[in-house]
Amino acid sequence: DGTGRSDVLMLVRVDPKTYKVSLISVPRDTCTEYNGQKMKLNEVYHVGGVKELEKEVAKLTGVTPKYYMDMDFVQFEKFVDQLGGVTANVPINMQLVDIVSGDKIALNAGTQELNGPEALVLARSRKQYANDLDACRQIQDRQLVQVGIEQVAADPLNAALHVQALIDNCDTDWATANLIETVKAFAQNADKITFVSGTGPYQGDIDPDINLWLADRDEATWAKIISTVEAGGDPETIVASPN
């Protein structure tokens, strides 16, 4: 809602002809200059809101998003619960205090059914990793988007209901009728849906000017990532996610 920093940023490319979905994480810590100030990319959301963040993502990646979707933690939990939960792989043991109830939620490693609060633990957890904390979390977040899409596509009769659940739990400028038609088309061709997944440059260091850890800003590498994705290739060949 613009009062906090954006925890997760992702570019999603949806191809309505090939039914390929490309999920590209945009590291939130990327070095950015906004209104003459050096800051993390996710700070732009706090200062200027989602539309200003769109502009900065465009400057970084060379891609002007056609639509945005903006979802907070509570909306995320509600949406997952309205889907009936999601089945996802938890890569390591992790735990967090739930943002809503205040309860500590622990997840053991392994593929499992997750409700809304449990899925949020997977979406947010990063400090359990020794290195590349946020890049590891990005892998989890892309997985959650993918399994959510697969789950909706497997239930074409209720595609419109699933879209309504999404609309009820996010802010977006994608017209509801058009979004429903897109989801229906994908659901009717669920066997053709494929995914590629990757991230932008995520290595970095403490910036002496603002005394914060910043991910390196590398627009040339971003151009290679985007051209690879648009050609149907694998973004992991440009920037490999951490193991």
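Only residues that are of a type in the set (Val, Ile, Thr), surrounded by 14 or more Cβ atoms within 10 Å (Cβ to Cβ) and without any contact (Cβ under 8 Å) to a residue 60 or more places away in the chain were counted in segment 176-188, giving 2.
Looking across segment 1-25, the residues that are in a loop (DSSP other than H, G, I, E, B), closer than 30 Å to residue 193 by Cα, in contact with a Phe, Trp or Tyr (Cβ under 9 Å, 6 or more places away or on another chain) and not charged (D, E, K, R) come down to 6, 9, 16, 19. So in segment 222-235, with the set limited to residues that are open to solvent by 30 Å² or more (accessible area, probe 1.4 Å) and assigned to a loop (DSSP other than H, G, I, E, B), which one is farthest from residue 146 (Cα to Cα)? Checked segment 222-235; the qualifying residue farthest from residue 146 (Cα to Cα) is 231. For segment 16-37, enumerate the residues that are surrounded by 14 or more Cβ atoms within 10 Å (Cβ to Cβ) and more than 18 Å from residue 202 (Cβ to Cβ). Across segment 16-37, the qualifying residues are 19, 20, 21, 34.
Restricting segment 65-112 to residues that are within 19 Å of the chain's Cα centre (by Cα) and acidic (Asp, Glu) leaves a set whose member that is nearest to residue 175 (Cα to Cα) is 70.
Take residue 126 and tell me if it is among the charged types (D, E, K, R) and in a helix (DSSP H, G or I).
In short, no.
Of the residues making up segment 192-206, just one is out of contact with any helix residue (DSSP H, G or I) (no Cβ under 9 Å at 6 or more places or on another chain), in contact (Cβ under 8 Å) with a residue 40 or more places away in the chain and exposed (fewer than 15 other Cβ atoms within 10 Å of the Cβ), namely 194.
The rows are residues; the columns are (1) modelled with pLDDT under 95; (2) exposed (fewer than 15 other Cβ atoms within 10 Å of the Cβ); (3) closer than 20 Å to residue 26 by Cβ; (4) over 19 Å from the mean Cα position of the chain (by Cα).
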site	(1), (2), (3), (4)
159	yes, no, no, yes
169	no, no, no, no
174	no, no, yes, no
190	no, no, no, yes
213	no, yes, yes, yes
237	no, yes, yes, yes
241	no, no, yes, no
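Put simply, of 219, 150 the only residue that is among the acidic types (Asp, Glu), open to solvent by 40 Å² or more (accessible area, probe 1.4 Å) and within 17 Å of the chain's Cα centre (by Cα) is 150. Going by the conditions given, is residue 7 open to solvent by less than 50 Å² (accessible area, probe 1.4 Å) and under 20 Å from residue 200 (Cα atoms)? It is true that residue 7 is open to solvent by less than 50 Å² (accessible area, probe 1.4 Å) and under 20 Å from residue 200 (Cα atoms). Applying the criterion of being of a type in the set (Gly, Ala, Ser) and in a loop (DSSP other than H, G, I, E, B) to the residues of segment 40-98, the residue that is surrounded by the most Cβ atoms within 10 Å (Cβ to Cβ) is 85.
The values are calculated or read from the model by the stated rules, or taken from the named source; none is laboratory data. Bear in mind the structure is a predicted one, so any value in this text is a computation, not a measurement. Glycine gets a Cβ as well: all are built from the backbone with ideal geometry, and neighbour counts include every protein chain shown. Side chains are part of the model used for accessible areas, which takes the heavy atoms of the whole protein and leaves out ligands, DNA and RNA. Shrake-Rupley method; radii C 1.70, N 1.55, O 1.52, S 1.80 Å.
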